[in-house]
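What follows is a single structure, written as structure tokens, with notes after it.
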Amino acid sequence: MPVTISDFGFIVGKWEGTGIAEYPTIKPVDYDEGLVFTRNDKDPLIHYEQRTWIKSSGEDNGQPVFWESGFIIDKGEGVFELVCAQKSGRMELLRGQAKGSDGSGIELELSSVIISNDPRMQKSGRKFRFLENMIDYELQMATAENPGYERHLRARLRRPGL
């Protein structure tokens, strides 16, 4: 049976963790992350808000880095879309398949369909692994400056207090 938005119900709530931003055109940066998922029972979607802050021993520790908000939308037959807006003004639509929901978690792999308002971005993709008390994700991208499709972000999140 295909994964549905109902199978994602266990992710609703607050998640916290750490990650690393790396890419050939930037200096690697460690970050703290907060991620909140909410939903209603009417629509086949989950809203999320993601924020990150620099994690360092320097004076930049705690400085905001990234802020994104969007929706995970169930399109049927195990197909999902992620629609997001970022603080830079970039908007993305990604589409892909979800697998799992047999008690071992859900994997969601998405590739960009539309990237708007940022001519630097050529392609993006995200891979999520949702478990009961842990989320792992990676973001890959290709840019005008670096056309190789490479990992940019990698993070692990848990529910607060676990």
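The values are calculated or read from the model by the stated rules, or taken from the named source; none is laboratory data. Values in this document were obtained by computation on a predicted structure and should not be read as measured data. Neighbour counts run over all protein chains shown; Cβ positions are idealised from the backbone, glycine included.
Across the stretch 90-131, the qualifying residues are those that are out of contact with any strand residue (DSSP E or B) (no Cβ under 7 Å at 6 or more places or on another chain) and not charged (D, E, K, R), and the one among them that is nearest to Ala21 (Cα to Cα) is Pro119. Between Arg90, Arg51, Arg95, the distinction of being surrounded by 15 or more Cβ atoms within 10 Å (Cβ to Cβ), closer than 16 Å to Gly125 by Cβ and under 13 Å from the mean Cα position of the chain (by Cα) belongs to Arg95 only. Out of all the residues in the stretch 3-24, is one or more out of contact with any strand residue (DSSP E or B) (no Cβ under 8 Å at 6 or more places or on another chain), exposed (fewer than 15 other Cβ atoms within 10 Å of the Cβ) and aliphatic (A, V, I, L, M)? No, the stretch 3-24 contains no residue that is out of contact with any strand residue (DSSP E or B) (no Cβ under 8 Å at 6 or more places or on another chain), exposed (fewer than 15 other Cβ atoms within 10 Å of the Cβ) and aliphatic (A, V, I, L, M).
Checking each residue in the stretch 71-86 for being in a strand (DSSP E or B) and either under 14 Å from Ile106 (Cα atoms) or not β-branched (Val, Ile, Thr) (or both) picks out Phe71, Ile72, Asp74, Lys75, Gly76, Val79, Phe80, Glu81, Leu82, Cys84, Ala85, Gln86. Within the stretch 58-77, restricting attention to residues that are of a type in the set (Gly, Ala, Ser) and modelled with pLDDT of 95 or more, the residue that is surrounded by the most Cβ atoms within 10 Å (Cβ to Cβ) is Gly70. The set of residues in the stretch 1-37 being of a type in the set (A, V, I, L, M) and more than 15 Å from the chain's Cα centre (by Cα) consists of Met1, Val3, Ile5, Ile26, Val29.
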